[in-house]
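The block underneath contains the structure these notes are about, expressed in structure tokens.
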């Protein structure tokens with residue numbers, strides 16, 4: 001039996017409690033999915049933490065204060081862990097074996113989930129040797145659902161890390177079963193595995209809460225009655241839930257929409273997603289990309305000699321009504337493509353000519369003669385760290401030259417080895433024109449590689465300085481350059497989706513919305529093609545800004561999810577804190593004769609709704625792809641699927657610096673925990689399959705999660721709010737624990753997820769992500 005601390009410190013709504021004598025679970029007993037229980041008819045896995053010799057400590061977040069209909073979604077201030085925990089595990093490892101979550105008022109009483117809806121949360125425990133840092137999300141992660149800014153908060157080891165050779169993480173992220181299902185879903189692990197942390201010191205949380213409390217009913221045991229909702233909410237009258245929890249977009253917000261297009265100069269076509277389907281859009285796109293009205297427009301129907309859809313032959317604009325054609329968009333090897341762009345605010349222009357036969361790029365830069373100027377390629381900001389050409393004077397200002405740079409984030413970056421051949425450098429009046437050539441293929445990974453096989457529209461950043469020598473810019477701008485064929489075939493015009501923003505947020509600014517990320521591969525799309533995601537093929541409204549009507553993009557921090565004319569109960573605030581109870585054990589390192597007491601669990605994550613982070617559940621309509629009638633109860637059901645590889649959930653990073661997806665030296669995952677993120681009120685099931693365990697390659701079930709719906713018996717069980725769910729997770733462990741044995745999934749293993757929702761009514765912002773933990777093999 002592990003030693004237990006004997007001191008209990010109680011401070012009314014203090015931020016922490018010291019490590020306490022192990023006792024009953026905070027939220028009662030839990031269920032485990034029958035699909036990983038050795039005895040499906042009777043659960044034998046023990047979910048009582050104290051029975052396993054575990055101790056706990058409690059942590060409270062800073063106070064949350066909201067008015068009706070308000071969103072609270074931000075990273076909160078750091079909270080120190082209990083002093084005795086910090087002292088006890090200084091220069092040691094704590095094994096976090098599970099946690100429980102609640103939301104409580106100043107008197108310690110729980111706030112009902114139908115008063116303050118927990119849309120999701122993410123929190124961390126940091127160690128003494130780590131610090132938080134804002135990191136760009138990995139392309140396969142798309143962590144918008146966490147923070148609403150496309151980035152994530154990661155932890156990195158500080159320079160004075162005393163044990164750089166260690167593989168014990170210096171911080172841990174916690175995000176399992178973390179929505180309206182959070183309090184009665186089991187967040188813990190089988191014996192012998194845990195989330196390990198070196199020298200824990202600090203707790204930090206990023207909650208997303210929505211205030212749905214009808215102030216006319218102050219008794220927590222009263223059956224829920226919805227408060228006012230805006231016309232955009234899809235909840236039916238007198239529902240068991242508030243339509244506000246689905247984040248409807250109301251008249252407090254507005255959209256900025258910009259449809260985008262690209263040119264294509266390779267021996268291919270636009271593809272299904274890139275086709276322009278009518279002549280009006282086609283001719284408008286050509287005018288936008290060329291900067292001039294076409295001399296002539298033609299509508300044809302030729303499935304043999306001309307590309308399907310929209311194209312430009314250098315003089316006229318064409319729309320080919322043929323859906324498919326034998327003629328692609330020219331031959332890459334013999335084509336010459338050319339494009340120009342000018343920034344009105346800086347006076348800088350760039351012309352790029354690509355010769356597919358000689359593999360040479362000719363670049364002409366025009367700018368002021370008396371100060372430096374530069375052009376960054378395939379970038380919209382310096383934070384993109386682009387390959388950049390700088391025209392500037394030398395140290396004494398007597399001679400101008402062209403230098404290739406790899407820009408830093410608001411920093412000058414580094415000078416690259418030159419791959420340029422100077423053709424000319426001339427001055428006429430106040431204008432300097434420089435012409436250079438270089439190979440299409442970049443000299444290094446930091447030299448941009450030109451390719452006629454890629455979309456021919458690229459963003460540029462341009463800037464001018466205040467002096468001849470390169471330094472901080474005086475003025476900067478962004479422009480777009482499109483490549484058109486000079487000869488060798490027609491230039492196809494393809495749609496790259498709509499880019500825009502949802503504006504009018506309570507804290508100001510706009511939330512960028514883009515259905516595709518130009519320049520990335522297919523995984524950069526908000527709704528990629530099957531089998532990664534069904535959403536685009538089904539025409540799900542969450543995929544485009546034009547159709548988007550509710551979800552995370554309208555749930556910015558402090559937004560009010562009501563119409564402008566609605567303001568019930570002004571100034572009546574709901575105040576509470578998030579409460580986390582961490583259960584833990586001492587960690588014993590491995591020795592020459594014995595293994596470590598616990599193996600570390602790495603977090604793995606995947607979205608069935610790849611990569612939107614959310615999706616709409618369309619109201620029951622059998623004409624909607626993915627919709628069917630339930631064979632059990634006859635209700636409408638909406639289904640989405642995703643297929644991916646285990647290796648898509650891992651990437652090369654240092655496990656010491658993050659327990660989030662890092663491979664280390666691993667070649668596979670031994671699954672120990674899997675839980676889906678599934679919102680009330682429409683969640684029906686979420687299933688995980690693999691074909692690695694069957695001889696014929698058929699799909700075999702790994703995990704099935706069926707939600708347990710609350711019945712409204714809140715007097716007997718305060719967590720039994722009607723219609724809200726608990727999701728029993730899948731666990732893999734030992735026969736003695738009552739669990740099926742762990743399964744090892746090599747990186748090349750195929751996985752498949754199936755998510756089913758009740759679609760009798762429509763729902764915004766539903767989620768279907770897998771939050772998994774495993775041991776790296």
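Checking the structure you have, find out if any residue of segment 27-35 is farther than 24 Å from residue 111 by Cβ and more than 34 Å from the chain's Cα centre (by Cα).
no
Could you tell me whether segment 205-212 includes any residue that is in the same structural domain as residue 732 (by TED's automatic domain parsing), more than 22 Å from the chain's Cα centre (by Cα), in contact (Cβ under 8 Å) with a residue 24 or more places away in the chain and assigned to a loop (DSSP other than H, G, I, E, B)?
Scanning segment 205-212, I find at least one residue that is in the same structural domain as residue 732 (by TED's automatic domain parsing), more than 22 Å from the chain's Cα centre (by Cα), in contact (Cβ under 8 Å) with a residue 24 or more places away in the chain and assigned to a loop (DSSP other than H, G, I, E, B), so the answer is yes.
I'm trying to understand the selection: among the residues of segment 633-656, which are touching a residue at least 24 places away in the same chain (Cβ under 8 Å) and under 20 Å from the mean Cα position of the chain (by Cα)?
640, 641, 642, 643, 644, 645, 646, 647, 648, 649, 650, 651
Looking at segment 408-434, I want the residues that are not assigned by TED's automatic domain parsing to the domain that holds residue 473 and buried (at least 16 other Cβ atoms within 10 Å of the Cβ) and have a partner that is at pLDDT 95 or above and not in a strand (DSSP E or B) with Cβ atoms under 7 Å, at least 6 apart or on another chain. Which pairs are those?
Listed pairs, sorted by first residue: none to list.
Report the residue count in segment 74-97 for those that are closer than 30 Å to residue 506 by Cα and crowded, with 22+ Cβ neighbours inside 10 Å.
Qualifying residue count, segment 74-97: 0.
Tell me, which strands (runs of 3 or more DSSP E) wholly within segment 387-471 include 3 or more residues that are touching a helix residue (DSSP H, G or I) at 6+ places or on another chain (Cβ under 9 Å)?
Once the strands (runs of 3 or more DSSP E) in segment 387-471 are filtered for at least 3 residues that are touching a helix residue (DSSP H, G or I) at 6+ places or on another chain (Cβ under 9 Å), what remains is 457-465.
Residue-by-condition table, conditions (1) at positive phi; (2) touching a strand residue (DSSP E or B) at 6+ places or on another chain (Cβ under 9 Å); (3) not in a loop (DSSP other than H, G, I, E, B):
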| residue | (1), (2), (3) |
| --- | --- |
| 68 | no, yes, no |
| 84 | no, yes, yes |
| 87 | no, no, yes |
| 91 | yes, yes, no |
| 95 | no, yes, yes |
| 102 | no, yes, yes |
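Name every residue in segment 306-315 that is exposed (fewer than 14 other Cβ atoms within 10 Å of the Cβ) and over 11 Å from residue 489 (Cβ atoms), in order of residue number.
315
Being surrounded by 21 or more Cβ atoms within 10 Å (Cβ to Cβ), closer than 18 Å to residue 497 by Cβ and at pLDDT 95 or above is the filter here; which residues of segment 537-566 pass it?
Passing the criteria: only 551.
Looking only at segment 450-499, which residues are on the phi > 0 side of the Ramachandran plot and within 25 Å of the chain's Cα centre (by Cα)?
Listed by number, the list holds a single entry, 497.
Going through segment 226-281 one residue at a time, which ones are part of a strand (DSSP E or B) and either more than 28 Å from the chain's Cα centre (by Cα) or within 30 Å of residue 336 (Cβ to Cβ) (or both)?
Result: 258, 259, 260, 261, 262, 263, 264.
Answer with yes or no whether residue 112 is at pLDDT below 95 and part of a loop (DSSP other than H, G, I, E, B).
Answer is no for this residue.
Please specify each residue of segment 356-374 satisfying the condition of being under 20 Å from residue 262 (Cβ atoms) and part of a strand (DSSP E or B).
361, 363
Residues are listed down the side, and each one gets a yes or a no for (1) surrounded by 23 or more Cβ atoms within 10 Å (Cβ to Cβ); (2) in contact with a helix residue (DSSP H, G or I) (Cβ under 8 Å, 6 or more places away or on another chain); (3) assigned by TED's automatic domain parsing to the domain that holds residue 198; (4) under 26 Å from residue 52 (Cα atoms):
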{"site": "99", "(1), (2), (3), (4)": "no, no, yes, yes"}
{"site": "104", "(1), (2), (3), (4)": "no, no, yes, no"}
{"site": "119", "(1), (2), (3), (4)": "yes, yes, yes, no"}
{"site": "132", "(1), (2), (3), (4)": "no, no, yes, no"}
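Restricting to segment 170-196, count the residues that are part of a loop (DSSP other than H, G, I, E, B) and either modelled with pLDDT under 95 or under 25 Å from the mean Cα position of the chain (by Cα) (or both).
Of the residues in segment 170-196, 13 are part of a loop (DSSP other than H, G, I, E, B) and either modelled with pLDDT under 95 or under 25 Å from the mean Cα position of the chain (by Cα) (or both).
Does segment 567-579 contain any residue that is touching a helix residue (DSSP H, G or I) at 6+ places or on another chain (Cβ under 7 Å) and crowded, with 21+ Cβ neighbours inside 10 Å?
Within segment 567-579, not a single residue is touching a helix residue (DSSP H, G or I) at 6+ places or on another chain (Cβ under 7 Å) and crowded, with 21+ Cβ neighbours inside 10 Å.
Which condition number does residue 493 fail, the rest of (1) out of contact with any helix residue (DSSP H, G or I) (no Cβ under 8 Å at 6 or more places or on another chain); (2) modelled with pLDDT of 90 or more; (3) buried (at least 23 other Cβ atoms within 10 Å of the Cβ) being met?
The one condition residue 493 does not meet is (1).
Right, residue 333: surrounded by fewer than 22 Cβ atoms within 10 Å (Cβ to Cβ), at pLDDT below 85 and in a loop (DSSP other than H, G, I, E, B) or not?
Judged against the criteria, residue 333 is not a match.
For residue 118, only one of the following conditions fails: (1) more than 21 Å from residue 194 (Cα to Cα); (2) assigned to a loop (DSSP other than H, G, I, E, B). What is its number?
Exception for residue 118: condition (2).
I'm trying to understand the selection: among the residues of segment 474-490, which are in contact with a helix residue (DSSP H, G or I) (Cβ under 9 Å, 6 or more places away or on another chain) and not in a loop (DSSP other than H, G, I, E, B)?
Within segment 474-490, 476, 480, 482, 484, 487 meet the criteria.
The values are calculated or read from the model by the stated rules, or taken from the named source; none is laboratory data. Bear in mind that the values here come from a model prediction, so they are computed numbers and not experimental data. Backbone-built Cβ (ideal geometry, glycine too); neighbour counts: all protein chains shown.
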